[in-house]
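One structure is given below, encoded as structure tokens.
The values are calculated or read from the model by the stated rules, or taken from the named source; none is laboratory data. Here the structure is a predicted model, which is why all the values come from computation and not from measurement. All Cβ positions, even for glycine, are placed from backbone atoms using ideal geometry, and neighbour counts span all protein chains on display. Keep in mind that these areas ignore ligands, DNA and RNA; they rest on the heavy atoms of the full protein, side chains included. Shrake-Rupley method; radii C 1.70, N 1.55, O 1.52, S 1.80 Å.
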Amino acid sequence: MKPSDYPPPFDARDYVAAPTDPEDERIEVGVLVVGAGPAGLACAIRLGQLLEEAPAIRERLGEVPVAVLEKGKQPGSHLLSGAVVNPRSLRRLFKGRKRIDEMPFYGPVDHESVYFLTPRRALRIPAPPTMKNEGNVVASLSRLGRWLAEQAEEGGAMILPETSAVKLLAADGRVRGVRTGDKGRGREGKELGNFEPGADVVARVTVLAEGTQGHLTGVALNRFGLAGENPQVWALGVKEVWKVARPLGRVIHTLGWPLRAAAKYREFGGSFIYPMGDDMVTLGMVVGLDYSDTELSVHDLLQELKTHPFVRKLLEGGERVEWGAKTIPEGGFLSLPKRLHAPGLLICGDGAGLVNVPALKGIHYAIESGSLAAEAAFAALQRGQTPSTPGALAVYDEALQQSFVWKDLQEVRNMRQAFGRGFWLGGALAGAMTATKGRFPPGDAGTERDTEQELIRTDRAQSYPKPDGQLTFDKLSSVFASGNKTRDDQPNHIVLRTDVPPELARMWEHMCPAQVYEAGDGGVTVTPSNCVQCGAITAKGGRLTPPEGGSGPEYTLT
């Protein structure tokens, strides 16, 4: 069986509507950015810079020229990445205003190592060219996001935290803005004593920068026919931040164990271990969600990784301080939408799928795309221009196609797909692609939805280590370490079928790092309050929609 045999009862058309609030009750802004991640905040910052030099346009945009909606408690609350950042896009964004050493990074990558792991050994191997990090810097994306939000606000943007965007407002063939979610409803939707209705937020240009598995991004791709020929595919990353007794001093990546190399398992991924100053490290496990084994659990693979002698020694005497999980779009160039604009609308960052999987990079692409989206929106706001006219925002696609982002992604367009043939053959093909900058093997390798992979069952779960609360941890204690702030009685934001076969129910139970799903007689039960909004369920057969604003994890170091 396949997860696609049991699709969720979700219709994207239910999340598109015309504005319904009376005109005098609508919130009017100039440019509306949905998502306070690196793409959305870069867009807001660049718009502030451009409007500073164009006071007449700023005045025409009204009291709120730029607004940013953020569903988390504050900017950074839902941001998670490795992260080693290429500073190229930040230099362009802040040229003449801020230096890289003024930004909240943990320092440059001075040394790096790549290891192939077996169950007991760590064999150092040459770093693949795509994974070399000279000139890059180590960051907490959550921390960087908070700093970028401060810069956006200083530039005149209004950031509205704890605000979910649940519907795309569209009328007369163009995007008008978004509808924000209600607050204060009970599990069955009943209004509680603290109920606050959502509102129509209308704008001249709406920029969707929702990040991975963006809710309205998916809705917009459907509404305006923007999806490309190949479906997007995802990986799931689970990471921890540790206080450690000894500084790490280098960036580490690993391949091999605890993943299995045989093609039938379809296990593609690896781990990262990065220094965060002298007294902290972050480590994580990333695995493609096109795997086939119902018992695979990325959270438990990370716990297993820590029992390896090589990794255990790095953490010895340390203490876990934070945990989190997030999906990563992995389809690359061939899964990009055929257009990233529609009348009144722009799409950027991870929501567009701008991630270079072999290089393990996406943050600088998000920042660059956000900056380019700002420049396109600004051009369309000039006197005599109308952003809602078809093609008015096409300059964004043209600028992105002429940028380094497009070139980088095109060169590695087939690498992720190669590993569907197993680790060893995939590695050989990826080497040929790297050496020829994507020219060999020729052609384009298509992608298959993660839900289209046939499921198998093994006894993989028997080898996961039992949680000891010191080195290895269960899922519920990990949710606590994420700072999850979801009300137990809020409406369920996860759309899926619960009357599914045991194999699918078990797959969801093992897949979810936050113990949201539990297999039982007749299907699966759901505990939505555990959800950290990683998005894995959307990749494997359900659909994540935005919960009440302000709920979810409260990341600070991820």
Checklist entry - Got a sec to turn the phi values of the range 145-153 into Karplus ³J(HN,Hα) couplings, 6.51 cos²θ - 1.76 cosθ + 1.60 with θ = phi - 60°, whole Hz, x for Gly and Pro? => result x, 5, 5, 4, 5, 4, 5, 5, 5
Checklist entry - Roughly to the nearest percent, how much of the accessible area of the chain is carbon and sulfur, given a 1.4 Å probe? => result 49 percent
Checklist entry - In whole Å, how far is the Cα centre of the range 160-238 from that of the range 492-550? => result 20 Å
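What does the accessible area per residue of the chain come to in Å², with a 1.4 Å probe and no ligands, DNA or RNA counted?
Per-residue accessible area for the chain comes out at 40 Å².
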Item to check | Distant-in-sequence amide H partners of E322 (H built 1.01 Å from N, under 5 Å) | outcome: V241
Item to check | Highest average packing first - 518-531, 367-380, 21-34, Cβ atoms within 10 Å | outcome: 367-380, 21-34, 518-531
Checklist entry - Which entries in the list K475/K540; K326/K475; K264/K313; K326/K485; K2/K239; K239/K306 go over 22 Å, if you measure between the two C-alpha atoms of each? => result K264/K313; K2/K239
Checklist entry - If you take every DSSP beta bridge whose two residues both sit in the chain, what share of them, in percent to the nearest 5, is antiparallel? => result 70 percent
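Between R383 and K2, 0.36 nm times their residue separation minus their Cα-Cα distance comes to what?
Roughly 131.9 nm would be gained on extension.
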Checklist outcome for this item: Ordering 501-510, 88-97, 126-135, 476-485 by per-residue average of other C-beta atoms within 10 angstrom, highest first, gives 501-510, 476-485, 88-97, 126-135
Checklist entry - What ranking, highest mean first, results for peptides 232-243, 189-200 when packing means the other Cβ atoms within 10 Å averaged over each residue? => result 232-243, 189-200
